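First comes the structure, then the notes that go with it.
The values are calculated or read from the model by the stated rules, or taken from the named source; none is laboratory data. Keep in mind that this is a model prediction, so the values were computed, not measured. Here Cβ is always computed from backbone atoms with ideal geometry, including for glycine, and neighbour counts include all displayed protein chains.
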Amino acid sequence: MRIGLDANPIFRTRAGVGQYAARLAERASAASPSDEFFLYCWGEEASLSEEWLARENIVVRRAADKASFASMVRSDGVDVFHGTNFRLRARGRRGSVVTIHDLALKIFPHLRRRWLGDWFGHFKTSRDARLADRVIADSESTARDVVRHIGVPSEKVRVILLAAGPEFHPVEDKEGLAALLARIGMNKPRYVLFSGTLEPRKNVPVLLRAYLGLRGEHPDAGLVLAGTPGWKSGEITGFLRSNGLAEDVRITGYLAPQDLALLYSGAAVFVLPSLYEGFGLPPLEAMACGAPVIVSDGGSLPEVVGEAAIVLAPNDVDGYRREIARVLSSPEHARDLRDKGLRRAACFSWDRTAAETLDVYREVAG
């Protein structure tokens, strides 16, 4: 079978969707060597040296632009095309699949950055979900949202969970961690960690207010915001300046997965107070690295962490302050969360993600 994937996220900065597309292509091509995998992207060429891209059953195809994307897929005779990033930019001869990672902009319209553009994006996602033969959702929570808010029949939706990448495991490298912390300017002996794009949906101001409230009790603990500034991130930097937190809170910008694994492994506690997540890779990555985890109950997060993390309402500032302080104060509590998290993270596997996705391709191909 000839399988086409929208691989554009693979050849861009590897945020969550890029990790998903890359790990899916890597594991599926290894699991099914008799199938051909055509990875489609467009625009400027990115230089990637990952060994799996050189497999005999992988073909990287670069279109001049989005307009020529679909015609290239047709000319290659792709049997099943998979839109990995919300959109179905082409169709296969025998069927098509689209993955919808979340419906945040539908459920929280006030979080839209560009009202018209985001509304039109949701319109196209909804249209493509109805056109596709199967819709893959990252979680049961997202699957329910797809049925409720788009009207896709539930029998057409398949839930396939994601996983932490192989680089996310406990890393014992004190010198490497010290060098990384020095590079980002964190001079506190302990740190609370957040990972993700700094945008309103991630609800970072709640974490900042919680951290501000526990500084007196734990002056040795800093806060690391591992992520790139998104829209309205100026509100975060403004809060830091007005509350004298500029030295104790560090914003890293983009970090390579290996650096993130170091930060997760060394963190006193990882916190994600997000308003909504379609899956939520960062807390799973944190658990895989042995960090105690505190998350909100937004979207799929309770489904992902199970009983292995502390779960709070997104805007419970005092709850986050209290639970962070509890982890910082109690090595036994931190160790219990660490052990539960490691066991929980081990329940997720990219190999299983790939195998279940291959089953969907075969179901669609008939």
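Please go through segment 211-247 and give me each residue that is out of contact with any helix residue (DSSP H, G or I) (no Cβ under 7 Å at 6 or more places or on another chain), part of a helix (DSSP H, G or I) and either within 17 Å of residue 318 (Cβ to Cβ) or among the small types (Gly, Ala, Ser) (or both), ordered by number.
Once the filter is applied, which keeps residues that are out of contact with any helix residue (DSSP H, G or I) (no Cβ under 7 Å at 6 or more places or on another chain), part of a helix (DSSP H, G or I) and either within 17 Å of residue 318 (Cβ to Cβ) or among the small types (Gly, Ala, Ser) (or both), segment 211-247 yields 211, 212, 234, 238, 242.
Hand me the list of helices (runs of 4 or more DSSP H) wholly inside segment 268-360 holding 1 or more residues that are of a type in the set (Ser, Thr, Tyr). I'd like the intermediate steps shown before the answer.
Values: elements: 281-288, 301-305, 317-329, 331-345.
It comes to 317-329.
Which condition does residue 27 not pass, out of (1) crowded, with 22+ Cβ neighbours inside 10 Å; (2) in contact with a Ser or Thr (Cβ under 8 Å, 6 or more places away or on another chain); (3) modelled with pLDDT of 95 or more, if it passes all the others?
(1)
Considering only segment 338-366, state which residues are farther than 13 Å from residue 284 by Cα, surrounded by 15 or more Cβ atoms within 10 Å (Cβ to Cβ) and in contact with a helix residue (DSSP H, G or I) (Cβ under 7 Å, 6 or more places away or on another chain).
353, 354, 355, 357, 358
Looking only at segment 189-201, how many residues end up being modelled with pLDDT of 95 or more and crowded, with 17+ Cβ neighbours inside 10 Å? Can you show your working first?
In the first step, residues of segment 189-201 are kept if they are modelled with pLDDT of 95 or more; the result is 190-195.
Adding the requirement that they be crowded, with 17+ Cβ neighbours inside 10 Å leaves 191-195.
Within segment 189-201, residues that are modelled with pLDDT of 95 or more and crowded, with 17+ Cβ neighbours inside 10 Å number 5.
Examine segment 197-210 for a residue that is of a type in the set (Ser, Thr, Tyr) and in a loop (DSSP other than H, G, I, E, B), and state whether such a residue exists.
Here is the first cut: in segment 197-210, the residues of a type in the set (Ser, Thr, Tyr) are 197.
Now narrow it down to the ones that are in a loop (DSSP other than H, G, I, E, B): 197.
Yes, there is a match, as at least one residue in segment 197-210 is of a type in the set (Ser, Thr, Tyr) and in a loop (DSSP other than H, G, I, E, B).
Give the residues of segment 228-278 that are β-branched (Val, Ile, Thr) and within 19 Å of residue 15 (Cβ to Cβ), sorted by residue number. Before the answer, list the steps.
Going residue by residue through segment 228-278, those that are β-branched (Val, Ile, Thr) are 228, 236-237, 249, 251-252, 269, 271.
Selection gives 228, 236, 251, 252.
Out of the residues in segment 137-155 that are among the charged types (D, E, K, R) and touching a residue at least 24 places away in the same chain (Cβ under 8 Å), which is surrounded by the most Cβ atoms within 10 Å (Cβ to Cβ)? Break it down stepwise before answering.
So in segment 137-155, the residues among the charged types (D, E, K, R) come out as 138, 140, 144-145, 148, 155.
Remaining after also requiring touching a residue at least 24 places away in the same chain (Cβ under 8 Å): 138, 140, 145.
Details: 138: 27, 140: 13, 145: 22.
Looking at the filtered set, the residue picked out is 138.
Quick one: which of 123, 81 is aromatic (Phe, Trp, Tyr) and modelled with pLDDT of 95 or more? Working first, answer last.
Values: 123 fails: modelled with pLDDT of 95 or more.
None of the other options fit; the residue is 81.
For segment 228-258, which positions are aromatic (Phe, Trp, Tyr) and without any contact (Cβ under 8 Å) to a residue 60 or more places away in the chain? Talk me through it step by step, then tell me what you get.
Pass one, segment 228-258, residues aromatic (Phe, Trp, Tyr): 231, 239, 254.
The one that is aromatic (Phe, Trp, Tyr) and without any contact (Cβ under 8 Å) to a residue 60 or more places away in the chain: 239.
Have a look at 49, 34, 68 and point out the one that is under 15 Å from residue 12 (Cα atoms), among the hydroxyl-bearing types (Ser, Thr, Tyr) and either out of contact with any Cys (no Cβ under 8 Å at 6 or more places or on another chain) or modelled with pLDDT of 85 or more (or both).
49
With respect to the numbered conditions (1) β-branched (Val, Ile, Thr); (2) free of Cβ contacts under 8 Å to residues at least 40 places away in the same chain; (3) in the same structural domain as residue 108 (by TED's automatic domain parsing), which one is the sole condition not fulfilled by residue 311?
(3)
List every residue pair whose Cβ atoms lie under 6 Å apart, where the two residues are 6 or more positions apart in sequence or sit on different chains, the first residue falls within segment 29-42 and is assigned by TED's automatic domain parsing to the domain that holds residue 59, and the second residue, located anywhere, is of a type in the set (Lys, Arg).
Close Cβ pairs satisfying both conditions: 29/55; 36/2; 38/61; 40/61; 41/62; 42/66.
Consider residue 277 against the criteria (1) under 18 Å from the mean Cα position of the chain (by Cα); (2) farther than 21 Å from residue 164 by Cα; (3) buried (at least 20 other Cβ atoms within 10 Å of the Cβ): it satisfies all of them except one. Which criterion is unmet?
Among (1) under 18 Å from the mean Cα position of the chain (by Cα); (2) farther than 21 Å from residue 164 by Cα; (3) buried (at least 20 other Cβ atoms within 10 Å of the Cβ), residue 277 violates only (2).
Out of the residues in segment 317-351 meeting the condition of being polar (S, T, N, Q) and over 25 Å from the mean Cα position of the chain (by Cα), tell me which one is farthest from residue 305 (Cα to Cα). Before you say what the answer is, go through the steps one by one.
Pass one, segment 317-351, residues polar (S, T, N, Q): 329-330, 349.
So of that shortlist, the ones also over 25 Å from the mean Cα position of the chain (by Cα) come out as 329-330.
On the way: 329: 22, 330: 21 Å.
Looking at the filtered set, the residue picked out is 329.
Can you pull out every residue in segment 88-107 that is of a type in the set (Val, Ile, Thr) and under 11 Å from residue 125 (Cα atoms)?
Here is the first cut: in segment 88-107, the residues of a type in the set (Val, Ile, Thr) are 97-100, 107.
Within segment 88-107, 98, 99, 100 qualify.
I'd like the full set of residues that are among the hydrophobic types (A, V, I, L, M, F, W, C) and touching a residue at least 60 places away in the same chain (Cβ under 8 Å), limited to segment 1-22. Walk me through it before giving the result.
Quick first cut of segment 1-22, residues among the hydrophobic types (A, V, I, L, M, F, W, C) only: 1, 3, 5, 7, 10-11, 15, 17, 21-22.
Residues satisfying the conditions are 1, 3, 5, 7, 15, 17, 21.
Pick out the one residue from 185, 213, 222, 176 that is touching a strand residue (DSSP E or B) at 6+ places or on another chain (Cβ under 8 Å), touching a residue at least 24 places away in the same chain (Cβ under 8 Å) and surrounded by fewer than 18 Cβ atoms within 10 Å (Cβ to Cβ).
Values: 213 fails: touching a strand residue (DSSP E or B) at 6+ places or on another chain (Cβ under 8 Å); 222 fails: surrounded by fewer than 18 Cβ atoms within 10 Å (Cβ to Cβ); 176 fails: touching a strand residue (DSSP E or B) at 6+ places or on another chain (Cβ under 8 Å).
The conditions single out 185.
When you go through 360, 295, 364 one by one, which is the residue that is modelled with pLDDT of 95 or more and closer than 27 Å to residue 215 by Cα? Spell out the reasoning first.
Numbers: 360 fails: closer than 27 Å to residue 215 by Cα; 364 fails: closer than 27 Å to residue 215 by Cα.
Going through 360, 295, 364 in turn, just one is modelled with pLDDT of 95 or more and closer than 27 Å to residue 215 by Cα: 295.
Inside segment 228-259, can you point out the residues that are crowded, with 16+ Cβ neighbours inside 10 Å, modelled with pLDDT of 90 or more and under 20 Å from residue 212 (Cα atoms)?
Scanning segment 228-259 gives 236, 239, 240, 245, 248, 249, 250, 251, 252.
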